[in-house]
Each structure stands twice: as structure tokens, then as C-alpha cells.
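Some notes on the structure that comes next.
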Ligand SMILES: [Zn+2]
């Protein structure tokens, strides 16, 4: 008995610690997140806004020309004194502001200038557009275009686009882009819907795009 126990202890190898086999993959060490003292932001309040096209899908060369003209007009309007003054003096139901919007005209204008789309990282003062032209179905024949909350793309119905002036396309792009900044409106054609940010300012962009503009000083 005693010998047996001695032998067994003599030959018992030290058992190495079992390798840790976690049931779930070891989490990768997260990169240290810098904690900026101020928001990461390349927005220069004085710089002119830019309108830039990212993904462009479904546009022929000729259609692309109209699209380019529209984005140019949109940029001219966004950088105009007329646009700024109209946004800042907007009122709804007898008070400064818009329908379906709690922010003041000043805050709405600041959000537009910052141009932080829900699919981009920075408030860079740049309108970042991904656009798609589509032949929508008969059931959508009255839909000018749309975007969805999770989409980074503005889709336009060719049925409307083909008859659009560039200024109308600029207004349409502005309407859909404003959704990407988080501005909403009633789904149904309510009495107040035209006073929402996307409708009122989309129409404003279209109207201003037709006429001469005064660049922001
Ligand atoms: Zn809309």
C-alpha cells in the first residue's frame, strides 16, 4: 500500500493546466476608443456646402447630365442667402418652426449645414447622395421617389424624372435628403404636411433653383 502510493506519486507528472477553451470565441481586444474632447467633426461653418454623388445606379449618360445639373442647383441653393433667410423665417401655426418638428428654425438650419446623414460618419458640411433611377411598377406610378430609414440611397421613379426640370429634381433630391438628416413628415397628405421640413424645404429648393441666387457672404 505505502509503496504503491509512493510510486504513483513519483510518476505522477505535474498536470499542465488545461488549455482554456472558452465555449465562445475569445473576444478580440477592442481597439482603444479615443475619447475626443469634442465631437469628431470636420464641419467648417464658413465653408460652402458641397453636394457629392456616391453610388449612381440606373442613370443613362443623358440622365446623368440632368442629375448633375440638379445637384449643382441644389448646392447653389443651399449656399444662398435666400435659402438661409427662408429657413430661418419659417413658421407653422403662428410660431417659428415647421410641422412634425420640434427643433427651431435655427437648429434646423444648423442641421442642414452640418449635413450629417444617418449613413455617414461625419458632420462634414457635405451632402452625400447615393441615387438610383428606377422604372417603378404600375402600383407605384404616383410615387416620385422614396428612401427608407435603413437605406443610404434615394430612389427616383423614371416616370417622373423624365419630365423633370433640373430644378424639380433638385427639390426632389432635397426632400429625400432631408429624410436622411432625420426630418420627417406625415405619411398621409394631411393639411400640415406641406409645412414639414422635407416638403417645405424641398419645395423651397425647387423654387429657388429657378431663379438668381445670392451666395452666402
Ligand atoms: Zn418624404
How many angstrom lie between the C-alpha centres of region 181-216 and region 124-164?
16
Provide, for q = 0.14, 0.15, 0.19 Å⁻¹, the log10 of I(q)/I(0) from a solvent-free Debye sum over equal Cα point scatterers in region 44-195.
-0.72, -0.83, -1.30
Highest to lowest packing among 135-141, 77-83, 96-102, scored as the average C-beta count within 10 Å
77-83, 96-102, 135-141
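No value in this document is a laboratory result; all are computed from the given coordinates. Worth saying up front: this structure is predicted, and the values here are computed from it rather than measured. When we count neighbours, we look across all protein chains shown, and the Cβ atoms used for this are built from the backbone with ideal geometry, even at glycine.
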